[in-house]
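K.L.:
Got a structure for you, questions after.
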Amino acid sequence: MTLLVPVGAAEAADAARFGAKAARLAALGRAGLPIPEGLCLDAEAYRIQLAHLGLQGAARAVFGAEDRPRARRHALEVRLGLMERPLTAQISAVLLAAWRAVKKPCVVRSSALVEDRADSSFAGQFQSYLGLDRQEDFFTAVQACWAALWTTRALRYMAAQRLDAADTAMAVLIQPLVAARAAGGGLSRTAEGDMVINAVAGLGAAIAQGEVVPERYVLGRSGALKDSVRGARYHGLGCVHGRRALSRMLTAQPCLDAEHVAGLGRLMRRAEDLLGEPVEIEWALDDTGIKLLQARPLHLASAPVPDEIWLKQPRLSGHPGGAGWGTGPARVVNCECELERVAPGDVLVTTVAGPSLSEVLPRVAGIVTELGGSTSHLGSLARERGVPMVLGVPDATRRIPEGASCAVDGVAGVIRWMHP
């Protein structure tokens, strides 16, 4: 059995070997949808390296440990071993062959066997490395993808899903970097039956990380444009905690024309038909056209019916996360170092919709962010858990009072509040 196969090969669609992320991408490519060429590294390569380093015992002990400090020590042993200890001769030869075959600069992306499944998306929990043009960096990126299975954030997510990292493995996607003029995400279906596209100029990492307010296009099932909203960016300033804060929203210039919007709508419908379920996609646009980078199952929720008392209250609108309705006291947090103030049942109001907020999802009644769009990684995780979320709400941290009783409509993209 070869450990390295082209993403266009029939065997690349085997999720048990290459993970659902790579397998779905391979299936879309074989059906004629535009994807970047590249290679898939079998998860067996990870297993071979783990066994060579003698780390299976430490891996198995992480979820079997009697206390958290011991579990963390075992996880750190596995993570550092995968990152820092030498590769086997067999794996080194496979990675060298991949490096020589792929166009540079290239991209290395995780494709865990537990990732992008209907019940566990793992959105933003693992790693991708872009723009690699040195062999040494390429090898390190593959090892870092393997090690990402053992980060604290990933292990917390797995524990919540009752998964054991020792029972799974990490495959890897290796592809040329798409020289993107624009990039973003899309939802093939909303609670109202529409499609949604998010877009930003350049690479799409800022959308995934919830660091910008992307352009938003809403299309009917026929592909007709129903609504569009320009994106925005922020002028950065320092915060009192010594970290970057955000202030002064600036309107961004549109990066998609009508033809590209319509083309993305057609691709989303085709992807949904081929995979047999609503999908959330990631895409990039270069000088040759649109490329699909990922397609994961999309969690949908029915539209809530709000209590009439809320309809008379002040409101702000943004990008709907796509799930549910929740109420609770507003907890305004200006940076990550304040997250410990968030109590169970709070509505978190903050700036950046980054994956680090995933740790508060189990305890909040809703989330409102000034940055981010419907296709951010945090948006995916919120849909998965049924947590109502509204993203890209201008000046939310200034306009929503601390402690105010809030209602978050994650389907309509509306936040309302009563003054305390």
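The values are calculated or read from the model by the stated rules, or taken from the named source; none is laboratory data. The model shown is predicted, which means the values in this text are computed figures rather than measured ones. Ideal geometry is used to build each Cβ from the backbone, glycine not excepted, and the neighbour counts take in all protein chains shown. Remember, those area values only see protein heavy atoms, side chains included, never the ligands or the DNA or RNA. Shrake-Rupley method; radii C 1.70, N 1.55, O 1.52, S 1.80 Å.
K.L.:
Excluding D133 itself, what net charge comes from residues whose Cβ is under 12 Å from its Cβ, given Lys and Arg +1 and Asp and Glu -1? Intermediate values should be presented prior to the final figure.
P.N.:
Working: positive: K103, K104, R134; negative: E136, D137.
Once all neighbours under 12 Å are counted, the net charge is +1.
K.L.:
State the percentage of accessible surface on the chain attributable to carbon and sulfur atoms; use a 1.4 Å probe and exclude ligands, DNA and RNA.
P.N.:
51 percent
K.L.:
Considering the Cα positions of the chain, please state its Rg to one decimal place and its Dmax as a whole number of Å.
P.N.:
Answer for the chain, Rg first and Dmax second: 21.4, 68 Å.
K.L.:
Turning to a different aspect of this structure: One quarter of the convex hull surface, Cα atoms only: what value does that give for the stretch 267-413 in nm²?
P.N.:
The directionally averaged projection comes out at 9.8 nm².
K.L.:
Any idea how far the Cα center of the stretch 124-152 sits from the one of the stretch 1-43, in Å?
P.N.:
Here the answer is 19 Å between Cα centres.
K.L.:
Using only the alpha-carbon atoms, how far is helix 15-30 inclined from the longest principal axis of the chain? Give it as 0 to 90 degrees, nearest 10.
P.N.:
70 degrees
K.L.:
With a cut-off of 8 Å between alpha carbons and a minimum separation of six or more residues, what is the relative contact order of the chain in percent?
P.N.:
RCO, the chain: 15 percent.
K.L.:
Moving to a separate point now. Run the reach check for K21 against lysines, Cα to Cα strictly under 27 Å, same-chain hits fewer than 8 apart removed. What comes back?
P.N.:
The qualifying lysines are K103, K104, K291.
K.L.:
Jot down the radius of gyration and Dmax of the stretch 89-173, Cα atoms only, both in angstrom.
P.N.:
13.8, 40
K.L.:
A404: net charge of surrounding residues, Cβ under 13 Å, Lys/Arg +1, Asp/Glu -1, itself excluded?
P.N.:
So the surrounding residues net to +3.
K.L.:
Probe radius 1.4 Å, ligands and nucleic acids left out: which of R100, R181, R156 has the largest accessible area, and how do the rest follow? List each step's numbers first, then the result.
P.N.:
Values: R100 175, R181 120, R156 145 Å².
Putting R100, R181, R156 in descending order of accessible area: R100, R156, R181.
K.L.:
Using a 1.4 angstrom probe and counting only protein chains, how large is the accessible area of R85 in Å², to 10?
P.N.:
Accessible area, nearest 10 Å²: 100 Å².
K.L.:
Still on this model: According to a simple spin-label model (label point 7 Å from Cα along Cα-to-Cβ), what is the distance in nm between E136 and A101?
P.N.:
The modelled label-to-label distance comes out at 2.6 nm.
K.L.:
Using a 1.4 Å probe, what is the accessible area per residue for the chain, in Å²?
P.N.:
Result: 41 Å² of accessible area for each residue.
K.L.:
Can I ask one more? Give a residue-ordered list of calculated ³J(HN,Hα) values for the stretch 338-354 (Karplus: 6.51 cos²θ - 1.76 cosθ + 1.60, θ = phi - 60°; whole Hz; x for Gly, Pro).
P.N.:
9, 4, 5, 6, 7, 9, x, x, 6, 9, 6, 10, 8, 9, 8, 8, x
K.L.:
Given q = 0.14, 0.19 Å⁻¹, what are the Debye log10 I(q)/I(0) values for the stretch 1-95, with equal point scatterers placed on the Cα positions and solvent ignored?
P.N.:
-0.65, -0.89
K.L.:
Quick check: the angle from helix 258-275's long axis to the longest principal axis of the chain, C-alpha only, nearest 10 degrees?
P.N.:
With rounding to tens, the tilt is 60 degrees.
K.L.:
Ordered by packing density, taken as the mean number of other Cβ atoms within 10 Å over each peptide's residues, highest first, how do 90-96, 314-320, 406-412, 20-26 rank? Don't jump to the answer; show the numbers that get you there.
P.N.:
Values: 90-96: 16.6, 314-320: 19.7, 406-412: 25.3, 20-26: 27.1.
Output ranking for 90-96, 314-320, 406-412, 20-26: 20-26, 406-412, 314-320, 90-96.
K.L.:
Let me check I've understood the local charge: for V332, count other residues with C-beta under 15 angstrom from its C-beta, Lys and Arg +1, Asp and Glu -1. What total comes out?
P.N.:
With Lys, Arg at +1 and Asp, Glu at -1, the neighbours total -3.
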